[in-house]
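Colleague: Sharing a structure with you now.
No lab work stands behind these numbers, since they all come straight from the coordinates. Computed from a predicted model, the values in this text were never measured in an experiment. FYI the Cβ positions are ideal-geometry reconstructions off the backbone, even for glycines, and counts take in every protein chain you see.
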Amino acid sequence: MKAITFPNLSEIYQLPGPVLGEPIVYAAVEVRDGARELLAARLLEALAGLAPEWTGALEWGPVSLDTNSLGRPFFRLGAKPGPSLSFSETGAVLWGAVAGQGQVGLDAAREEDLASPYPYSRAFGPVEWDWAWQHCQGRTAAAAALLWAAKEAAVKALGVGFHTLDPLDLEVALLSPAWDGLQLMVRALEEVKAWARPWEHGWLALAAA
């Protein structure tokens with residue numbers, strides 16, 4: 001993962017195209033007023049160096065953010081639509097991701113939010129639970145955070161959230177290690193490519209559809 005540093009922002013990480021099929025940049029900031037706009041603008045600036053179609057996009061007009069009826073965020077750059085983006089707020093941290101093409105989904109899941117007595121059987125099937133539990137060396141909350149982050153990222157990429165799907169409608173399959181994380185496939189309405197990496201408090205996942 002390549003990191004690019006901007007003032008007043010954590011490092012911006014680049015997930016190369018071979019992982020999910022599109023160049024994706026993502027980063028985190030502390031939750032505060034204007035955090036989403038700051039994060040979106042800086043991610044777009046970083047993406048412009050990777051995807052030529054977005055070069056000069058910040059000059060198209062002011063960056064503004066809105067959401068659709070299902071809560072999916074989208075860019076406006078002046079009068080033009082911007083690239084796909086996704087956010088995940090967890091505790092005092094706001095994560096964001098932007099993709100060069102297609103639709104991106106991002107989720108950060110904390111172990112503390114998925115600790116026992118969380119109803120694991122309502123969200124995770126036995127096959128996916130078995131490999132995740134083994135990968136996380138028997139740490140139950142870590143396995144739950146890994147699977148939940150992947151499922152949430154996938155439904156965000158599909159643009160449906162859990163409004164029309166139940167967590168058990170999705171199954172997370174492990175493919176291989178990739179870029180300090182795990183290459184995954186989430187089977188839902190369609191197969192969605194995903195990638196997950198551990199972070200300080202749990203797991204972070206990105207998905208592309």
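Colleague: Using Stokes-Einstein with the Kirkwood hydrodynamic radius over Cα pairs, what translational diffusion coefficient do you get for region 91-154 at 37 °C and a viscosity of 0.692 mPa s, in µm²/s rounded to a whole number?
Modeller: Rounded to a whole number, D works out at 257 µm²/s.
Colleague: Something else now. Give the peptides 191-201, 67-77, 168-178 in descending order of average Cβ contacts within 10 Å, highest first.
Modeller: Result, highest mean first: 191-201, 168-178, 67-77.
Colleague: Also, quick follow-up: Work out the FRET efficiency for Leu175 and His201 from their Cβ-Cβ distance, taking R0 = 22 Å, and round it to the nearest 0.05.
Modeller: 0.35
Colleague: Another question about this same structure. Which order do the peptides 46-56, 80-90, 114-124 come out in when sorted by mean C-beta neighbours inside 10 angstrom, highest first?
Modeller: Listed from highest to lowest mean packing, they are 80-90, 46-56, 114-124.
Colleague: Using a basic spin-label model with each label point 7 Å from the Cα along Cα→Cβ, how many nm lie between Gln137 and Arg122?
Modeller: The answer from the label model is 3.1 nm.
Colleague: Can you tell me the FRET efficiency between Glu30 and Arg76 if r is taken as the Cβ-Cβ distance and R0 is 22 Å, rounded to the nearest 0.05?
Modeller: Working from the Cβ atoms, E equals 0.35.
Colleague: Still on this structure, I have one more. For the chain, take the longest principal axis of its alpha carbons; what is the angle in degrees between that and the long axis of helix 126-135, to the nearest 10 within 0 to 90?
Modeller: On a 0 to 90 degree scale, this one is about 80.
Colleague: Kindly express, to the nearest 10 degrees and within the range 0 to 90, the angle between helix 140-158's C-alpha long axis and the longest C-alpha principal axis of the chain.
Modeller: Around 40 degrees separate the two axes.
Colleague: Between 0 and 90 degrees, rounded to the nearest ten: what's the tilt of helix 35-48 against the longest Cα principal axis of the chain?
Modeller: Once rounded, one gets 80 degrees.
Colleague: Placing +1 at every Lys and Arg Cβ and -1 at every Asp and Glu Cβ, with all other atoms neutral, what dipole size does the chain have around its Cα centre, in debye to the nearest 20?
Modeller: 180
Colleague: Right, here's the next one. Stretched out fully, how many nm does the piece from Glu37 to Met185 gain, at 0.36 nm a residue minus the Cα gap?
Modeller: 50.2 nm
Colleague: I'm checking a number: the convex hull volume of the Cα atoms of the chain, normalised per residue, in Å³. What is it?
Modeller: 117
Colleague: OK, next. Sort the following peptides by mean Cβ neighbour count (other Cβ atoms within 10 Å, averaged over residues), highest first: 127-139, 16-28.
Modeller: 16-28, 127-139
Colleague: Compute the Cα gyration tensor for region 113-209, then decide on rounded, prolate or oblate, letting a ≥ b ≥ c be the square roots of its eigenvalues: rounded whenever a/c is under 1.5, prolate when a/b is larger than b/c in the other cases, and oblate in all that remain.
Modeller: oblate
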